[in-house]
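Read through the structure below, which is laid out as structure tokens, and then see the notes.
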Amino acid sequence: MALEVTDTNFDEVVLKSGIPVMVDFWAEWCGPCRMIAPALEEISKEYSGKALVVKCDVDNNPGVASKFGIRNIPTVLFFKDGKVADKQIGAVPKTNFVNKLNALI
């Protein structure tokens, strides 16, 4: 299962990571968020050791969501070397996420 990041551990887990990180900004009540969750779990397993896939609940972690201007969910941000390298908003096929992640590896 993808690691949960919070306002408290976001910088340590995401910004200081030595490998690319996919951050799924989501909420429990969000239907499209639940639609993409299985694909993100698959990517998490398939890219183990090459990239990190984490989830951030926007309702419980408003600091991180606000810092990165998250207004719509699901929003997936792709980080490399501590900086946002790409973004995907909305529910899209798994291949969209994989293509963006591959570009960072």
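The values are calculated or read from the model by the stated rules, or taken from the named source; none is laboratory data. Since the structure is predicted, the reported quantities are computational estimates derived from the model, not experimental observations. Cβ: placed from backbone, ideal geometry, glycine included. Neighbour counts: every protein chain shown. Quick note on the areas: whole protein, heavy atoms, side chains included, nothing else; ligands and nucleic acids left out. Shrake-Rupley method; radii C 1.70, N 1.55, O 1.52, S 1.80 Å.
Within segment 63-85, the set of residues being part of a strand (DSSP E or B) and closer than 19 Å to ALA37 by Cα comprises THR75, VAL76, LEU77, PHE78, PHE79. Given the criteria touching a Lys or Arg at 6+ places or on another chain (Cβ under 9 Å) and part of a loop (DSSP other than H, G, I, E, B), does GLU42 qualify? The answer is no for GLU42. Has segment 52-67 got at least one residue that is small (Gly, Ala, Ser) and either on the phi > 0 side of the Ramachandran plot or open to solvent by 50 Å² or more (accessible area, probe 1.4 Å) (or both)? Within segment 52-67, one or more residues are small (Gly, Ala, Ser) and either on the phi > 0 side of the Ramachandran plot or open to solvent by 50 Å² or more (accessible area, probe 1.4 Å) (or both). The C-beta contact set for segment 78-94 (first residue farther than 15 Å from CYS56 by Cβ and touching a residue at least 12 places away in the same chain (Cβ under 8 Å), second residue open to solvent by less than 30 Å² (accessible area, probe 1.4 Å) and part of a strand (DSSP E or B), distance under 6 angstrom, 6+ apart or interchain) comprises ALA85/PHE78; ASP86/PHE78. For first residues located in segment 1-28 and under 21 Å from ILE73 (Cα atoms) and modelled with pLDDT under 95, partners that are in a helix (DSSP H, G or I) and of a type in the set (S, T, N, Q) and lie 6+ apart or on another chain with Cβ distances below 8 Å form the pairs MET1/SER44; ALA2/SER44. For segment 79-86, does any single residue satisfy the condition of being surrounded by 18 or more Cβ atoms within 10 Å (Cβ to Cβ) and either at pLDDT 95 or above or not aromatic (Phe, Trp, Tyr) (or both)? Checked segment 79-86: at least one residue is surrounded by 18 or more Cβ atoms within 10 Å (Cβ to Cβ) and either at pLDDT 95 or above or not aromatic (Phe, Trp, Tyr) (or both). Looking at segment 48-62 only, could you name the residues that are within 12 Å of the chain's Cα centre (by Cα) and not in a strand (DSSP E or B)? Result: ALA51, VAL58.
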